[in-house]
1. For Glu154, put the label point 7 Å out on the Cα→Cβ axis and report which residues of region 51-88 keep their amide N under 20 Å from it.
2. Can you pick out the pairs among Lys99/Lys157; Lys84/Lys108; Lys111/Lys178; Lys111/Lys140 whose Cα atoms lie more than 31 Å from each other?
Amino acid sequence: MLNLLQNLYTEEHSFKEAAHDFTTKDGDILGSDKISGLEIRLSHIIIKDNKTAKIFPFPGLAKIYFLTLVVSDVENQIINLELKGFEKVDDGDALSIDKTIFYWKQTKKEKVPSQVHVMTSIIKSKQSLRDVAKIMENIKNDSDYKDLAGKLAEFIKDANQFSNITNLIGTVSSIVGKHLGKVEDKPFLTWYQSFTDIDGDWDKLGKTYKHAENRYAAMDLSITIRDKGREKE
């Protein structure tokens, strides 16, 4: 079974105020409920080394899957799972992915997101690419996946379940691997990134860039935070 956690890059990111004190006398944090918008975007996915030898007459091109899993505590956006396939990928090629993977904009008085977890994986296939729509259907009909999705929906509402959420996302990845890959399929780079309001506000306005890279692949992730009140100031 494909192990998506191979070649794992992980980091937890907390937006913490550096220049101002937004705490009350009793230690509560102010400002998190004032966020008006939040967007996470993926871009610049580069295959540095496709691990495919160029031996004439074979050009050394690879078949690649790109998997995205996003989990948040936003109602109706708790789990978002996507899969895309790419044929004939050479060393140095960029995958045609420049997209928003999470978007939240306050329209009324909705609860502001307190945590968003993102897992992406670049996977080389040594076989012909399978029907990604069929794979996704099989994953979402898997009884274990349904059970874990239910647990995630429950745990994500409780800030004290943070470590359990991380573990469950790892388990979800193993279910995805069961349906997606054969043992010879290998992930070039898997990136697990948590964005939270723990220990501070979502106080860094504008766009923040993150980057993950190893010898096989690289990708960029950005998060944009909007706050109408502070932007006017």
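1. So the set is 71-80.
2. Values: Lys99/Lys157 27 Å; Lys84/Lys108 34 Å; Lys111/Lys178 35 Å; Lys111/Lys140 27 Å.
From Lys99/Lys157; Lys84/Lys108; Lys111/Lys178; Lys111/Lys140, over 31 Å: Lys84/Lys108; Lys111/Lys178.
A short reminder: the numbers here are calculations on the coordinates, not readings from a lab. From a predicted model like this one, the values you see are computed outputs, not experimental measurements. Note that we place each Cβ from the backbone using ideal geometry, even for glycine, and neighbour counts take in every protein chain shown.
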